[in-house]
Amino acid sequence: MPSAQYSNRIVWADWIKVVLISLVIMGHTGSSLIPVIYTFHIPAFFFVSGYLSNYEKPIKHLLKTSLLLAGAIVIWNIIFVACNIPDGVKGADLHKIWLFVRNSLIKTFWCYYPTSKWGHGLLCQMWFVWVLIIIKLACGLIARRGERLKLGVILACVVYTAIVYHNDVRTWFYLDRSICALPFFLAGNMARGMKIDVDKLSSIRNIAIAAAIMTICVVVTLKTYDRSIDMFHFRLGRNAILYYTTAVIGTALCIMICTKLPRAKAIEILSNGTLLILAIHIWLYQYLDEYFIFDKTRITETLAIVLICLPLVYITEKWCPILLGKNKHTKKK
């Protein structure tokens, strides 16, 4: 286990979760840096999720954590549906209200294709958590079956993604994304099992090398793709293999940089509340954007949203942890 820990927490993991959720906010608020951000930020999130997933505990622990995440998404969607009932429906009979609520919730649980009967849900950004739940459960079947099997699954997923993507074949929304993201999650879990000393690998020399390679990959990616890069829309540029390569280098670079950052209480709190931030950041952006003018990178706007979320996460973790996908507040020792 890496040495950069305190009270059973991995410092770089806290930092990278906050950095990545900040990049998500920047992407959703229309940052001019989207072409670069989308080359690695979601894969990096899946890698860290895999690293932090412990399959040494009983299977009931895996089921419990998955149910907590699913329950949190359901509750968030109920809240958003209740807050977004159109005025024309509010005065209608109970049957029309029920139809609106039912259809809104189905949008969340089924798929997000524009051609779908149900279309987009109110919290379409929660697709990440649904995919994460699917991957966590799938990995529970192979987590203890050896590294060769995991490597085989990673290779099979990459090949499948490349074939499906380049032939414009689309299956179920969550199946495509789960198979696309599974290699990153498994790689993170394998890194945990091998007990790689991330701090030792994060020398200034290695960071410089990774930064140089990442720059080349991003430049090549931006010059060669004919479609935007966005895992949500299953757009991986012109070359799916290049997407994986750039995402791996970007993830490694982000982790190495985060190992150089100090432990901070505020970062720990925000790290615990990524689900809450994911749920409400778009609403906060819409409010802030109405009254303030921000730069094109959306960095200042992102910092404002994160700062607003800090006390919200603290209060929620203490009084209503289910909204964070947790069943109780864990005190630091």
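The values are calculated or read from the model by the stated rules, or taken from the named source; none is laboratory data. If you're wondering where the values come from, they're calculated on a predicted model, not measured in any experiment. Here Cβ is always computed from backbone atoms with ideal geometry, including for glycine, and neighbour counts include all displayed protein chains.
Number of residues in region 150-166 that are hydroxyl-bearing (Ser, Thr, Tyr) and closer than 17 Å to Arg238 by Cβ equals 2.
The set of residues in region 36-54 being of a type outside the set (S, T, N, Q) and surrounded by fewer than 17 Cβ atoms within 10 Å (Cβ to Cβ) consists of Leu52 alone. Within region 171-199, if we keep just the residues that are among the charged types (D, E, K, R) and part of a helix (DSSP H, G or I), the residue that is surrounded by the fewest Cβ atoms within 10 Å (Cβ to Cβ) turns out to be Asp199. Is it the case that region 215-238 has a residue that's touching a helix residue (DSSP H, G or I) at 6+ places or on another chain (Cβ under 9 Å), within 22 Å of Trp15 (Cα to Cα) and crowded, with 18+ Cβ neighbours inside 10 Å? No, every residue in region 215-238 fails to be touching a helix residue (DSSP H, G or I) at 6+ places or on another chain (Cβ under 9 Å), within 22 Å of Trp15 (Cα to Cα) and crowded, with 18+ Cβ neighbours inside 10 Å.
Pull up region 241-258, narrow it to residues that are crowded, with 22+ Cβ neighbours inside 10 Å and of a type in the set (S, T, N, Q), then point me to the one that is farthest from Ser49 (Cα to Cα). Checked region 241-258; the qualifying residue farthest from Ser49 (Cα to Cα) is Thr246. Answer with yes or no whether Thr302 is more than 24 Å from Leu123 (Cβ to Cβ) and buried (at least 20 other Cβ atoms within 10 Å of the Cβ). When the stated conditions are applied, Thr302 does not pass them.
Whether any residue in region 153-166 is small (Gly, Ala, Ser), more than 16 Å from the chain's Cα centre (by Cα) and at pLDDT 95 or above is what I want to check. Among the residues of region 153-166, at least one is small (Gly, Ala, Ser), more than 16 Å from the chain's Cα centre (by Cα) and at pLDDT 95 or above, which makes the answer yes.
Within region 33-55, being of a type in the set (Phe, Trp, Tyr) and assigned to a helix (DSSP H, G or I) holds for Phe45, Phe46, Phe47, Tyr51. Among the residues of region 225-246, those identified as at pLDDT 85 or above, touching a strand residue (DSSP E or B) at 6+ places or on another chain (Cβ under 9 Å) and more than 17 Å from Val169 (Cβ to Cβ) are Ile229, Asp230, Leu242, Tyr244, Thr246. Checking each residue in region 56-85 for being outside any helix (DSSP H, G or I) and either free of Cβ contacts under 8 Å to residues at least 12 places away in the same chain or crowded, with 17+ Cβ neighbours inside 10 Å (or both) picks out Glu56, Lys57, Pro58. One residue stands out in region 6-31 among those that are small (Gly, Ala, Ser) and assigned to a helix (DSSP H, G or I): the one that is farthest from Phe128 (Cα to Cα), namely Ala13. Working only within region 24-35, note down all residues that are of a type in the set (S, T, N, Q) and surrounded by 21 or more Cβ atoms within 10 Å (Cβ to Cβ). Result: Thr29, Ser31. Restricting the search to helices (runs of 4 or more DSSP H) fully inside region 222-333 and requiring at least 2 residues that are in contact with a Pro (Cβ under 8 Å, 6 or more places away or on another chain) and either without any contact (Cβ under 8 Å) to a residue 24 or more places away in the chain or small (Gly, Ala, Ser) (or both) gives 240-258. The single condition among (1) closer than 30 Å to Asp295 by Cβ; (2) surrounded by 14 or more Cβ atoms within 10 Å (Cβ to Cβ); (3) at pLDDT below 90 that Ile97 does not satisfy is (1).
Put simply, of Arg177, Arg144 the only residue that is modelled with pLDDT of 85 or more and out of contact with any Gly (no Cβ under 6 Å at 6 or more places or on another chain) is Arg177. In the condition set (1) at pLDDT below 90; (2) closer than 18 Å to Leu253 by Cβ; (3) small (Gly, Ala, Ser), Ser7 is compliant with all but (2).
Name every residue in region 132-150 that is in contact with a helix residue (DSSP H, G or I) (Cβ under 8 Å, 6 or more places away or on another chain) and free of Cβ contacts under 8 Å to residues at least 60 places away in the same chain, in order of residue number. Across region 132-150, the qualifying residues are Ile134, Ala138, Ile142, Glu147, Lys150.
The set of residues from region 117-140 being assigned to a loop (DSSP other than H, G, I, E, B) and either at pLDDT 70 or above or more than 19 Å from Phe80 (Cβ to Cβ) (or both) comprises Lys117, Leu123, Gly140.
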